[in-house]
Every structure is written in structure tokens, then in C-alpha cells.
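Colleague: To start, I am sharing the structure in question, which I have written as C-alpha cells.
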Ligand code: 5RP
């Protein structure tokens, strides 16, 4: 099947990320359409015997299903103390390799898996690169259902315009953890992501934010001009 230009770029980034994978690794498997290409390509390498003895920790029900379809053995996060390498997508990537994630709704498990990983590599097409976080994508914030109106007012007081993630047929969309996701738009982006992240985490009822700060080791970016690997400097 012919890929759209955007899908072809995602697949190129995914293909390049396979260079980071070695036989015997425990892999964190992110969520989203870019990661779906990675799972497909990894499955092909495993089937060909070019990589062996790989197990994956999926970050969502969706990724678990896609991994099984690709022939990747999956385990739970609790089954291993450490993950060698996580490959995940992103909604925004800043020059410092900080991210906004969670438009696929898997931010909590994605962050838990990233935190347990020795190395985190992000795959993205060039449209995800921004100068300032929050300018392109809303910031997803996972909150408990109880007291939801209060969470929305709290987020609005932080300068966000907030919309609750909904199913296509009407009701609120629940994450794999049974929580709500509030998408927060900031008119001029997020001036101080670390301060905002801290503020949000201080509030009981906020389960997790889509700000991934200082967690990423490399970003593989596929654009019209080729593939670039951005590496964290420190
Ligand atoms: C899911 C995510 C995804 O990685 C992010 O939304 C990017 O997805 P895609 O590759 O489909 O653009 O954070 O929670």
C-alpha cells in the first residue's frame, strides 16, 4: 500500500530507530502512528532473525495489540526492573529535547516506561519540531474523574483554555487507566514548562502531565531533507 508523504516520513524515522536496537534488549514500546511503523518494522526484523531475544513493554492497550500482531513478545512493566531502550513518538519536540506527549492518550504509561528506561529515543517527522512547547499541540493532562469541574477551573487559572477529550460518539474518553484527559491550549505556548509541570503535579487529582522534561536521549527526525538525529548534549 502506498504511504502518504507524512506516513512515509514517520516510517523513515522508525526505520532509523532500529539502529538503536540490539538483540537481547528489553524495549519500551511507545504509542501512536509513528510507533506503529516501528512495531511493524521490528516485527519484520524478528521474523527474519536479524534481531533475537527481544521483549517489549507496551505503553498502551493499543500498542500491546499492535505488538502481538507484529509478533513481538510483550511483558509488563512490573516484570523487569529496568528497560534498556524505549522508542516512542511525540506531539512536540523542543530544541532542548523536551516534549509534549499524550495526544494518543497514553501519557501516564509512556512516562512510567520512560522513567524506567536507560535510554529514550523519540521518533518523529519534522512537523513536530517547535521553538516553544505548547505552540502546536495542546498539553494533555490526565486527571481523575472525581471533581472534574474543579480541575478544569484550576487549569484555566494556569492560563489554559481547556477541553475534555471526548469519544467520537459523545461521552468523555477514558485513558487506559480509567481517567479523563484534559487538553490545555496556551495562547503563546508554555513559557516555563518546568514551573507549570511542578504546579500541575502539586494538585491532588492531577495524575500526570504530557510534559516530558529532561527524559529524552535522542530524537530521530525525518524531514524532506533527510533524517537527522538530535542528541541530548548533557
Ligand atoms: C501517545 C503519544 C504519541 O507518541 C504522540 O501522540 C505522537 O503520536 P503520532 O506518532 O501518532 O503522531 O504521546 O500518547
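Colleague: Under 14 Å from the 7 Å Cα→Cβ point of residue 115, by amide nitrogen: which residues of the stretch 198-232?
Modeller: Counting only backbone N, you get 198, 201-202, 206-215.
Colleague: Between the alpha-carbon centers of the stretch 78-132 and the stretch 31-56, tell me the distance in whole angstrom.
Modeller: 17 Å
Colleague: When ranked by the protection proxy of mean other Cβ atoms within 10 Å per residue, highest first, what sequence do the peptides 121-127, 1-7, 185-191, 47-53 form?
Modeller: The packing order, highest mean first, is 121-127, 185-191, 47-53, 1-7.
Colleague: Taking other Cβ within 10 Å of each residue's Cβ, how do 79, 176, 98 sort, fewest first?
Modeller: Ascending number of Cβ neighbours within 10 Å: 79, 176, 98.
Colleague: Say R0 is 30 Å: what FRET efficiency, to the nearest 0.05, do residue 40 and residue 145 get from their beta-carbon distance?
Modeller: Values: r = 34 Å, r/R0 = 1.15.
Computed FRET efficiency for residue 40 and residue 145: 0.30.
Colleague: Right, something else. Helix-only mean residue ellipticity at 222 nm, the chain, DSSP H runs n ≥ 4 weighted -39,500 (n - 2.57), per residue, nearest 500. What is it?
Modeller: Value at 222 nm, helices only: -8500 deg cm²/dmol.
Colleague: While we're on this one: Taking only Cα atoms and a 10 Å spring cutoff, compute GNM fluctuations for the chain and point out the largest among 32, 102, 223.
Modeller: 223
Colleague: Pop the C-beta distance of residue 174 and residue 136 into the FRET formula with R0 = 25 Å and round what comes out to the nearest 0.05.
Modeller: 0.50
Colleague: Which of 64, 89, 205 ends up with the largest GNM mean-square fluctuation for the chain, with Cα atoms connected below 10 Å?
Modeller: 205
Colleague: Between 201, 37, 217, find the one with the highest GNM mean-square fluctuation for the chain; connect C-alpha pairs within less than 10 Å.
Modeller: Evaluated over the chain, the most mobile residue of the options is 201.
Colleague: Assuming a ≥ b ≥ c are the square roots of the Cα gyration tensor eigenvalues, decide whether the stretch 1-142 counts as rounded (a/c under 1.5), prolate (otherwise, with a/b larger than b/c) or oblate.
Modeller: oblate
Where a number appears in this text, it was derived from the coordinates with a stated rule and is not lab data. Please read all numbers here as calculations on a predicted model, not as lab measurements. No Cβ is skipped: glycine too gets one built from the backbone with ideal geometry, and neighbour counts run over all protein chains shown.
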